[in-house]
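**Q** If you scroll down you'll find the structure; I have some questions about it.
The values are calculated or read from the model by the stated rules, or taken from the named source; none is laboratory data. The shown structure was predicted, so the numbers you read here are calculated from the model rather than taken from an experiment. Cβ placement follows ideal geometry from the backbone for every residue including glycine, while neighbour counts extend to all protein chains displayed.
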Protein chains: 4
Amino acid sequence: MKTCVIGIGYWGPNLVRNFISNSTIKSVAACDINPQRLQFIQERYPMIDVYDDYRKVLADPSIDAVAIATPVNLHYPMAKEALLAGKHVWVEKPLSYTSAHCEELVELADKHKLSLFVDHTFIYTSAVQKIREIVRGNELGDILYFDSVRVNLGLFQHDVNVIWDLAAHDISIMSYVLEQPIVAVVAHGIANYNSHENLAHISLYFAENCFAHFHVNWTSPVKIRRILIGGNKKMLVYDDMQTSEKVKVYDSGVKISTPEGRYDMLVQYRMGDMYAPQIHQSEALAVATEEFVASIMKAKPPLTDGRAGLKVVKILEAADASIKNRGKLIKIE
Amino acid sequence: MKTCVIGIGYWGPNLVRNFISNSTIKSVAACDINPQRLQFIQERYPMIDVYDDYRKVLADPSIDAVAIATPVNLHYPMAKEALLAGKHVWVEKPLSYTSAHCEELVELADKHKLSLFVDHTFIYTSAVQKIREIVRGNELGDILYFDSVRVNLGLFQHDVNVIWDLAAHDISIMSYVLEQPIVAVVAHGIANYNSHENLAHISLYFAENCFAHFHVNWTSPVKIRRILIGGNKKMLVYDDMQTSEKVKVYDSGVKISTPEGRYDMLVQYRMGDMYAPQIHQSEALAVATEEFVASIMKAKPPLTDGRAGLKVVKILEAADASIKNRGKLIKIE
Amino acid sequence: MKTCVIGIGYWGPNLVRNFISNSTIKSVAACDINPQRLQFIQERYPMIDVYDDYRKVLADPSIDAVAIATPVNLHYPMAKEALLAGKHVWVEKPLSYTSAHCEELVELADKHKLSLFVDHTFIYTSAVQKIREIVRGNELGDILYFDSVRVNLGLFQHDVNVIWDLAAHDISIMSYVLEQPIVAVVAHGIANYNSHENLAHISLYFAENCFAHFHVNWTSPVKIRRILIGGNKKMLVYDDMQTSEKVKVYDSGVKISTPEGRYDMLVQYRMGDMYAPQIHQSEALAVATEEFVASIMKAKPPLTDGRAGLKVVKILEAADASIKNRGKLIKIE
Amino acid sequence: MKTCVIGIGYWGPNLVRNFISNSTIKSVAACDINPQRLQFIQERYPMIDVYDDYRKVLADPSIDAVAIATPVNLHYPMAKEALLAGKHVWVEKPLSYTSAHCEELVELADKHKLSLFVDHTFIYTSAVQKIREIVRGNELGDILYFDSVRVNLGLFQHDVNVIWDLAAHDISIMSYVLEQPIVAVVAHGIANYNSHENLAHISLYFAENCFAHFHVNWTSPVKIRRILIGGNKKMLVYDDMQTSEKVKVYDSGVKISTPEGRYDMLVQYRMGDMYAPQIHQSEALAVATEEFVASIMKAKPPLTDGRAGLKVVKILEAADASIKNRGKLIKIE
């Protein structure tokens, strides 16, 4: 199998490195319009072929699959052309900036029987796999809330705001872990430097009595990546900044009894043991690459296929619409 | 000076202990309708007088001041009666659950030349004092955002939701630290167990390009108390769960330069040294007690007077109204 | 029961407060040669009697028990006189600075059927109780090592070095948790400011293949209080600086298999789940006070009696002798 | 320049990757007696040449330099042969297991004007560079103690004990940072699984009133890598497990005043601000590679040359001799 990474910016070189390490992918190429980036990648990996125009990549019959790691506004047109050219497609998250684009790409992939893979990398971490196992196994009971924080002093994207960049991760994690249908989205935030919000808060309302919130910020002095999931039986904390014990399950919760005065209320919550399941350390991008390759070999949709990518984009799209209107409630059907 | 603590529930005994330790307060009494609570407090402090009815306290001419540590719905009627009886009044936060109540109490205290003190205890911590000094001294530059999280597995109050309980702390801190006028409030949340929200998110819009957010939760498995303040020069983190280095100032921020392509954008943020100013460890409640006593002795309003309490209640009231309407934007004049 | 605290320095006021809160102790007195300290304590607790000479305390037949919270060199003479005067005795740790003193006190207490209590407060924490339960229940398997660190920027005692002050805590914990007999002690350290070591390292050799180490330091910029206990089945970490999850049990260890080359050795260790048992928060000093009172009422030795105190002093004494001789190995019979 | 990595075990592949990324090194080869390891490395880096016998490497005139990443007992014979064959030599730490070996290698390198580089990687981290700058710039004042902990559940080496593996890192850091001459070494430890100690404590005595201690353990359930450096002006903490703020400088210390009683002693220590200098994130191994290459190009000894390696081995050798004799004091001339 031969793949080509299109866009050798910040993330592209990681894709090149991973594709080279994969044992099924026999040949890796790179494409960028900037000759300096091509020179940079060839110095590191002298054996790879390079292209200065993605159309040449699509025209090359030896290329089986392309990975699109360009700015978001190029995802849709490039992915569409690639699918029409018969290539399997890996797209960086988010799949595109409108759900209409995503729907069209999903249909094209279906029609041409090609793999359309969205790189929601966190789904391929052992931590998120374990969290899904715990939540879907009903260990936490009914889910009451999902609360996520992802803030750091990070690079500003210049074509999208912080929602499309950071919240894409956490919404993909939530979509993968929870199965409750979402009914409405609200978002607030601020753009301190240009027209793109650098800080945002997104609230999700569910059909059931469950609530989700996402706090993202490109301008935080400290790096926090933490998700709390509250259930009516147990509660879970996923702290991705920990080098070990990233996932902790607390046998804690609230016990409802007939209140007989404020002093009794003091004992209305219950704290029990905590445990941290052993999480295997594997590089998520390598696992993602295996999933992409397997989906091509077995002609079946990958875990993070176009439909999964579309689901995330629908929420991001609504959040973006809401934030522009100071928190207008946007319904999701 | 003789004071009486009314309401010997969870917090009242702390007030008794602090008032006893204060060198100006010569005599401390306690009042509760529950005889077991009076017995409890007298076993600990055999020298204190006890009352089983607050009306008896107000009728006792030897009492100079009362501290009201009852459920929130009793704050207003008791404080009003106490002021009318000529007593100086300490009220636990929040001052009351409507701004109309608060305005009336402010007027009464003014009219009768009595001290009306609201126990926003955090204002009296060395950490918050230092933060105000740093922010007001313009060390952070223009404030871009104020972001607060206060979550834990905490006792449910049965007369108010989590906003009135936990957000009261952080909004009082914000009011004390920032001087920017607020123009609108929005809140979201969920009530998982009864009609009172146990989790809430409050967003504040300012006249200037500044944004504040408060996340409060009574049902979190872990205890987090952290405030981030982002300025255009420096940024500050206040982590109250740390036993030392509670306040950290980061010489970090965003540097705006003409973007010349995505790779250049990578260096658009700036990270510098961090420092943690030495914070003296003093019990905030003892400092608050001194302030209350001083305000009585010098006949001047305390730092956290009725007006400060009213300012906080106005925001809480708006947040509560918003949360009941799935995040309706409530204007603040 | 009436008790008197002798020595109202740094720790004495805590004893006064705890004795007042205990429901069996009906009357508390305080004794110090410094009138300012007596004034200080009476301002806080107006109902207590005061004495300016401990001999007057011992001569007072209304006093049932005394608590000695003086500098270490006064523990032995004061405790001896108190036992001879028929008083039950609480002594701050360490019991004295020689084992000969301790043996004499143990005999005197036995002979006169009086309680001799040594205030190894940490033994009365829920954390240490839980650790003993885990270790003695063989959950960790055979104990391979016990490693303790207790460092901070702390007050210099001017009559003893850091070993007698800080290591007394950890050696009492180890004595309580492990049952393996110790055969030899070695210590190293440095005295940077005067003749008393401010930093020390103590190593203990056991009859079995087990090793213990204690690192104590009065001149550390950060506060660390951590004990690691390695077993051949599981391992335990006790981090007293954590506000929650102080005790963690790791299902990790080493798996011995026939080594077949270095690459195989990489998988020779085993990492499994971790759990943190729920630890109840109770004030250790209150529990210690109850134990002291119960030992008097029931005429049985307390958990931390003179023999337990002697066991700790034997090790401290050997460590002190070793440190003066650059780590000479001192045998313990 | 062409280099060959000899020994493709745990660490060797990192050297291969780094050498490939270095822009001066034009060609990289790999050597191992195990054909599976050669296959492994060639799958990752198809362009590299491989050798199944290090003698063939030494005989190949196209090879300028070799990197020896074999078990410790092979360092000396291989490095010697390589130097005699006219190759520049990179050796993994420790340089060898006797100082006699090291002295001979130093002489050989001198005589043949070849670079002899010891891979004490931590020296090339920005953190250690910053620490040396702070200490040598006298910001901490006179150094009172150096205290290091490096423990984790790590791979057992089967030819050496934990001292040679882990303490090699910290002793190289100390040697680089401090200039005080060492006069004696003492070590204690335990071998729980085989004849090699898995846990050890090393104490160093200096000519001046300074003390150093190293705690290393392959069988700790948690990973700790922390160095405390106490000076009489300021103190420093280097916590390598932190993702940011690895180095913190505390303006804290001890203030000596005439003691006038125990209560005064409470204020004898001084706590001030703390700051964390910004540490640039660079891969230490890449910096080390540049230093090796530069030393060859400019024919000057690298920062971590044979003499630096010998200095570390002298201390490790003494520590190893001491631990076998239950802490016998070994003098260092």
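**Q** Would you check if D:Val254 is at pLDDT below 95, surrounded by fewer than 21 Cβ atoms within 10 Å (Cβ to Cβ), hydrophobic (A, V, I, L, M, F, W, C) and farther than 23 Å from C:Ser148 by Cα? Talk me through it step by step, then tell me what you get.
**A** Working: at pLDDT below 95: yes; surrounded by fewer than 21 Cβ atoms within 10 Å (Cβ to Cβ): yes; hydrophobic (A, V, I, L, M, F, W, C): yes; farther than 23 Å from C:Ser148 by Cα: yes.
When the stated conditions are applied, D:Val254 passes them.
**Q** Regarding C:Val89, is this residue assigned to a strand (DSSP E or B) and either within 24 Å of C:Leu285 (Cα to Cα) or within 14 Å of chain D (Cβ to nearest Cβ) (or both)? Write out each step before concluding.
**A** Values: assigned to a strand (DSSP E or B): yes; either within 24 Å of C:Leu285 (Cα to Cα) or within 14 Å of chain D (Cβ to nearest Cβ) (or both): yes.
Criteria met by C:Val89.
**Q** Looking at the range D:278-333, which of its residues are small (Gly, Ala, Ser) and assigned to a loop (DSSP other than H, G, I, E, B)? Write out each step before concluding.
**A** In the first step, residues of the range D:278-333 are kept if they are small (Gly, Ala, Ser); the result is D:282, D:284, D:286, D:288, D:294-295, D:299, D:306, D:308-309, D:318-319, D:321-322, D:327.
Those that are small (Gly, Ala, Ser) and assigned to a loop (DSSP other than H, G, I, E, B): D:Ser282, D:Ala299, D:Gly327.
**Q** Is it the case, given these coordinates, that D:Ser96 is outside any helix (DSSP H, G or I) and in contact with a Lys or Arg (Cβ under 9 Å, 6 or more places away or on another chain)? Even if it seems obvious, please write down each step before you answer.
**A** Values: outside any helix (DSSP H, G or I): yes; in contact with a Lys or Arg (Cβ under 9 Å, 6 or more places away or on another chain): no.
Criteria not met by D:Ser96.
**Q** Could you list, ordered by first residue, the pairs with Cβ atoms under 7 Å in which the first is in the range B:187-213 and acidic (Asp, Glu) and the second is assigned to a loop (DSSP other than H, G, I, E, B), at least 6 apart or interchain?
**A** From the range B:187-213, the pairs are B:Glu197/B:Asn161; B:Glu197/B:Ala191; B:Glu208/B:Gln180.
**Q** So is C:Tyr76 within 20 Å of the chain's Cα centre (by Cα), surrounded by fewer than 22 Cβ atoms within 10 Å (Cβ to Cβ) and modelled with pLDDT of 95 or more or not? It would help to see each step written out before you state the result.
**A** Working: within 20 Å of the chain's Cα centre (by Cα): yes; surrounded by fewer than 22 Cβ atoms within 10 Å (Cβ to Cβ): yes; modelled with pLDDT of 95 or more: yes.
Answer is yes for this residue.
**Q** Restricting the range D:13-64 to residues that are more than 17 Å from D:Glu81 (Cα to Cα) and of a type in the set (D, E, K, R), which is nearest to the chain's Cα centre (by Cα)?
**A** Here the residue is D:Arg17.
**Q** Which of the residues that make up the range A:101-128 are over 21 Å from A:Leu310 (Cβ atoms) and either of a type in the set (Lys, Arg) or surrounded by fewer than 19 Cβ atoms within 10 Å (Cβ to Cβ) (or both)? Spell out how you get there, then give the answer.
**A** Residues of the range A:101-128 that are over 21 Å from A:Leu310 (Cβ atoms), as a first pass: A:125-127.
Matches in the range A:101-128: A:Ser126 only.
**Q** Answer yes or no as to whether A:Asn152 is part of a loop (DSSP other than H, G, I, E, B), more than 20 Å from A:Ala308 (Cα to Cα), among the polar types (S, T, N, Q) and not assigned by TED's automatic domain parsing to the domain that holds A:Thr70.
**A** On the way: part of a loop (DSSP other than H, G, I, E, B): no; more than 20 Å from A:Ala308 (Cα to Cα): yes; among the polar types (S, T, N, Q): yes; not assigned by TED's automatic domain parsing to the domain that holds A:Thr70: yes.
No: the conditions fail for A:Asn152.
**Q** Residues that are touching a helix residue (DSSP H, G or I) at 6+ places or on another chain (Cβ under 8 Å), under 20 Å from C:Ala67 (Cα atoms) and either of a type in the set (Ser, Thr, Tyr) or surrounded by fewer than 21 Cβ atoms within 10 Å (Cβ to Cβ) (or both): does the range C:312-319 have at least one?
**A** The initial filter retains those residues of the range C:312-319 that are touching a helix residue (DSSP H, G or I) at 6+ places or on another chain (Cβ under 8 Å), namely C:312-317, C:319.
Now restrict to residues that are under 20 Å from C:Ala67 (Cα atoms): C:312-313.
Adding the requirement that they be either of a type in the set (Ser, Thr, Tyr) or surrounded by fewer than 21 Cβ atoms within 10 Å (Cβ to Cβ) (or both) leaves none.
Checked the range C:312-319: no residue is touching a helix residue (DSSP H, G or I) at 6+ places or on another chain (Cβ under 8 Å), under 20 Å from C:Ala67 (Cα atoms) and either of a type in the set (Ser, Thr, Tyr) or surrounded by fewer than 21 Cβ atoms within 10 Å (Cβ to Cβ) (or both).
**Q** Another one. Working carefully through the options A:Phe156, A:Phe146, find the one that is within 14 Å of chain B (Cβ to nearest Cβ), modelled with pLDDT under 95 and buried (at least 19 other Cβ atoms within 10 Å of the Cβ). First the steps, then the outcome.
**A** Values: A:Phe146 fails: modelled with pLDDT under 95.
Just one listed residue meets the conditions, A:Phe156.
**Q** Shifting gears a bit: Could you say whether any residue in the range D:19-32 is free of Cβ contacts under 8 Å to residues at least 40 places away in the same chain, within 11 Å of chain C (Cβ to nearest Cβ) and not charged (D, E, K, R)?
**A** So in the range D:19-32, the residues free of Cβ contacts under 8 Å to residues at least 40 places away in the same chain come out as D:20, D:23, D:26-32.
Add one more test, that the residue is within 11 Å of chain C (Cβ to nearest Cβ), and what stays is D:32.
Going one step further and asking which of them are not charged (D, E, K, R), we end up with none.
No, the range D:19-32 contains no residue that is free of Cβ contacts under 8 Å to residues at least 40 places away in the same chain, within 11 Å of chain C (Cβ to nearest Cβ) and not charged (D, E, K, R).
**Q** Continuing with this model, one more query. Could you check how many residues of the range B:210-230 are more than 9 Å from chain A (Cβ to nearest Cβ) and surrounded by fewer than 23 Cβ atoms within 10 Å (Cβ to Cβ)?
**A** 2
**Q** Separate question: Name every residue in the range D:177-195 that is in contact with a helix residue (DSSP H, G or I) (Cβ under 8 Å, 6 or more places away or on another chain), of a type outside the set (Gly, Ala, Ser) and under 21 Å from D:Ile224 (Cα atoms), in order of residue number.
**A** D:Val177, D:His188
Let's see how each residue does on (1) of a type in the set (Val, Ile, Thr); (2) surrounded by 16 or more Cβ atoms within 10 Å (Cβ to Cβ); (3) not assigned by TED's automatic domain parsing to the domain that holds A:Pro61:
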{"residue": "A:Gly7", "(1), (2), (3)": "no, yes, no"}
{"residue": "A:Tyr10", "(1), (2), (3)": "no, no, no"}
{"residue": "A:Pro13", "(1), (2), (3)": "no, yes, no"}
{"residue": "A:Arg17", "(1), (2), (3)": "no, yes, no"}
{"residue": "A:Ile20", "(1), (2), (3)": "yes, yes, no"}
{"residue": "A:Ala29", "(1), (2), (3)": "no, yes, no"}
{"residue": "A:Asp32", "(1), (2), (3)": "no, yes, no"}
{"residue": "A:Gln36", "(1), (2), (3)": "no, no, no"}
{"residue": "A:Ile41", "(1), (2), (3)": "yes, yes, no"}
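**Q** Return the pairs, sorted by first residue and then second, in which the second residue is aliphatic (A, V, I, L, M) and surrounded by fewer than 19 Cβ atoms within 10 Å (Cβ to Cβ), the first residue lies in the range B:273-294 and is within 14 Å of chain D (Cβ to nearest Cβ), the beta carbons are less than 7 Å apart, and the residues are 6+ apart or on different chains.
**A** From the range B:273-294, the pairs are B:Gln278/D:Met271.
**Q** Additional query: Among B:Glu139, B:Glu133, B:Glu103, which is the only one that is outside the structural domain of B:Gly253 (by TED's automatic domain parsing) and not hydrophobic (A, V, I, L, M, F, W, C)? Let's see the steps before the verdict.
**A** Working: B:Glu139 fails: outside the structural domain of B:Gly253 (by TED's automatic domain parsing); B:Glu133 fails: outside the structural domain of B:Gly253 (by TED's automatic domain parsing).
When all the criteria are applied, what remains is B:Glu103.
**Q** Take the residues of the range C:43-72 that are in a helix (DSSP H, G or I) and loosely packed, with under 12 Cβ neighbours inside 10 Å: which is farthest from the other protein chains (Cβ to nearest Cβ)? Quick ask: steps written out before the conclusion?
**A** So in the range C:43-72, the residues in a helix (DSSP H, G or I) come out as C:43-44, C:54-59, C:72.
Checking which are loosely packed, with under 12 Cβ neighbours inside 10 Å leaves us with C:43, C:59.
Numbers: C:Glu43: 7, C:Ala59: 26 Å.
Looking at the filtered set, the residue picked out is C:Ala59.
**Q** If I ask for residues that are surrounded by 18 or more Cβ atoms within 10 Å (Cβ to Cβ) and more than 10 Å from chain C (Cβ to nearest Cβ), which ones from the range D:181-197 would you list?
**A** Matches in the range D:181-197: D:Ile182, D:Val185, D:His196.
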